[in-house]
Amino acid sequence: MWKSIKSTDLSPLNIEDNNEESKINIEIDKQQLSLKHRNISQLILARKLQNLQEFANAYHLNLSNTDDRLLRTDTARENVQQMANDILASIEETNRINLGSFVAQMGGNNHRLLTRFRMQTFYQELVDVMPLKWKEIFEQCQQQST
């Protein structure tokens with residue numbers, strides 16, 4: 001057994017490798033620390049923007065793409081118009097509720113009402129964080145639908 005331990009290379013590890021690993025660990029610690037100290041409103045905004053990006057992906061739109069954000073292409077403009085019309089249609093659909101079904105739901109089955117509320121909130125949050133050009137298209141579509 002002593003021979004196997006004696007034959008082991010006990011020279012120190014490459015210091016440069018240790019420094020690189022330490023730098024990575026320090027960066028990770030800094031990122032985690034910054035997340036801990038983030039303002040709640042920043043976290044909410046980040047969540048809303050992530051939701052918008054995920055929703056916009058279905059329309060081949062990317063918030064980080066300047067051409068998409070500023071509607072520099074016809075395709076981007078058409079995609080935003082389609083997204084706006086779909087959001088408006090979804091909002092309209094969730095708003096279709098008559099007093100009878102509202103009363104019935106309040107009588108014990110308010111799960112659907114809560115779902116409608118969450119959907120309305122979701123769509124409103126999308127509109128709240130849309131880039132200015134997208135919001136302009138949304139408002140134009142909204143005026144055309146009324």
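Count, please, the residues in the range 70-81 that happen to be over 16 Å from E139 (Cα atoms) and either part of a loop (DSSP other than H, G, I, E, B) or not hydrophobic (A, V, I, L, M, F, W, C) (or both). Even if it seems obvious, please write down each step before you answer.
Here is the first cut: in the range 70-81, the residues over 16 Å from E139 (Cα atoms) are 72-76.
Now drop any that are not either part of a loop (DSSP other than H, G, I, E, B) or not hydrophobic (A, V, I, L, M, F, W, C) (or both), which leaves 72-75.
Result for the range 70-81: 4.
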Taking the range 92-143 as the search range and keeping residues that are among the aliphatic types (A, V, I, L, M), more than 20 Å from R77 (Cα to Cα) and in a helix (DSSP H, G or I), which one is modelled with the lowest pLDDT? L99
All-but-one check, Y59 against (1) modelled with pLDDT of 95 or more; (2) more than 28 Å from V127 (Cα to Cα), failing number (2)
The range 39-61 residues that are under 16 Å from D86 (Cβ atoms) and in contact (Cβ under 8 Å) with a residue 60 or more places away in the chain, paired with ones that are surrounded by 11 or more Cβ atoms within 10 Å (Cβ to Cβ) and of a type in the set (V, I, T) (beta carbon under 6 Å, 6 or more apart): L52/V129
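The values are calculated or read from the model by the stated rules, or taken from the named source; none is laboratory data. Given the structure is predicted, the values throughout are model-derived calculations rather than measurements. Heads up, the Cβs are rebuilt from the backbone with ideal geometry, glycines too, and the neighbour counts pull from every protein chain shown.
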